[in-house]
Each structure stands twice: as C-alpha cells, then as structure tokens.
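Worksheet for the structure shown next.
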Amino acid sequence: MKNIFLILSLLGITSLLRAQQTTQNQELTTRQSVGHWVVELETDNLFLLKNMVGIDDYFLRKIIPGVGYLATKNLWVGIAVPIGWAPQKGTYYSDGIATQAGVYTTAISPKQIGIAPYVQQFFGKGKIKPYVGASYRYTYQQLDLSIRDLSIYLSQTGHESELSVFAGLTYSITPRFGIYGKLRYGWQSGNHPYITFPNRSESGYSTAFGYNSQTASANLGIRFVIGE
C-alpha cells in the first residue's frame, strides 16, 4: 500500500513539473513573439483587379520593402518604402516639320519612391493565419523622356496619396521565415506626371493631371523575423 502511495505521489509530482515546464515554455514563446522586428518584401499591384483610368502601368508596378514591429502576438505596426523604376523604349511618330518627320526611338524612365506606414492584425494560431490591415502611402513620381535624334529631353514630376485596406493569409514556413498573400483596395489622389507632344514642330511639352481613383489588386510577399 505504501508503495502504491509512493508511486502515485511521484506521478503527481512529475505531472506538476511537466505542467509547470509547459507553462514556462508557453510564456517564453509569448515573450519571443512580442517585441521583435520583421523585415518584409512585397510586390505591389502584381495582379490588377481594378485599375485607375489613365494611369500608366509602369507607375502601378512597384516593390515594397518594409520593416514591422511586433507590438503583441497578433498585432504589428510598420513602415514601408514603395520603390519603382521601369525604364523602357518607345516609338515616336513625328509628322512635324519636314526635316524631322519620321519614326524615332524614345527612352522613357519613370521613377518613384514613397513612404507608407501600416498596421496589421492577425487572428488565430498555427502556421497559417488570416490578417487584416490598413495603410497610408505618399509617393513621389518622376517621368523622364528623351528622343536623342531630335535632341528632345523632357521631365515631369508628380505625387500620389493613397489610403488602403487589405486582408490576406500568412504562412510561417519556419519560426523566422514566412510567405503571404493579400487582397488590397486603395483610394488614390494626386498629380500624375504625363509627357506628350502637340504633334506640330518638335516643341514637345510635359504636364501633370490631377485625379481621384481606386485600385484593387492581389499581391505576394515574404517576411523575416529578426531577433532571438
């Protein structure tokens, strides 16, 4: 009888120690999940579901590196830097003055850089988590165009402000590395740089037009957790 009592006592102590160790591990996991920095790299407008009227695609395609901070286990805040640069060749058909009429190759160089604070809220546990969030973005844009044969060099700048909301899923491949996808809807306003020619002598000109519009897109990204 004493042996049985001793065995039960030992089993009880062992169970208590295991429960205490499990609680400590959970607390450690919680501490490790909070207060960490996250580095992200995301595509912007990878799959356009709704496009702004009159805005060139090369101003919609960007990559967005960002840094986030895990304020709690399921909430983080961060700041991103949208970057875009898409040099390309084009064709200009001139029917201007006789000595310059013809077909010419143009070099178009759109550039843009911005800043975008954001907040994200995650739900559930496990490797796959749904999340929602919101972001504000301000982007500076510049469009350069040149036609060397005609000695034409034009440059125009503009800017865009955007408020967006998004929802998606993140998948943690390892505790430090994950991938995610999201659907994003944004409301934009700004002045878009635009370069054109009046199609008379070769006095090309540049301008910018104001707009208010919306864009919907699907995007992909990767995340790295930094720290212990």
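No value in this document is a laboratory result; all are computed from the given coordinates. None of these values were measured; they are calculated from a predicted model. Because the Cβ atoms are built from the backbone with ideal geometry, glycine has one as well, and the counts that use them run over all protein chains shown.
Points to keep in mind about this one:
- With a Förster radius of 22 Å applied to the C-beta separation of Ile113 and Tyr153, the computed FRET efficiency comes to 0.55.
- Measuring against 21 Å, Cα to Cα, the residue pairs Lys62/Lys129; Lys50/Lys127; Lys50/Lys182 contain Lys62/Lys129; Lys50/Lys127 as the ones spanning a longer distance.
- With 0.36 nm allotted per residue and the present C-alpha distance subtracted, the Asn212-Thr105 stretch has 35.3 nm of extension available.
- Spacing of the two label points (7 Å from each Cα toward its C-beta) at Ala134 and Gln121, in nm: 1.0 nm
- Gln142 versus Ala86: modelled label distance in nm, points set 7 Å from Cα along the beta carbon direction: 1.9 nm
- By other beta-carbon atoms within 10 Å, ranking Ile64, Ile108 with the fewest at the front produces Ile108, Ile64.
- FRET E, pair Ser172, Asn51, Förster distance 30 Å, beta-carbon r, rounded to 0.05: 0.40
- For Tyr185 and Phe224, the difference between the fully extended length at 0.36 nm per residue and the C-alpha to C-alpha distance is 11.6 nm.
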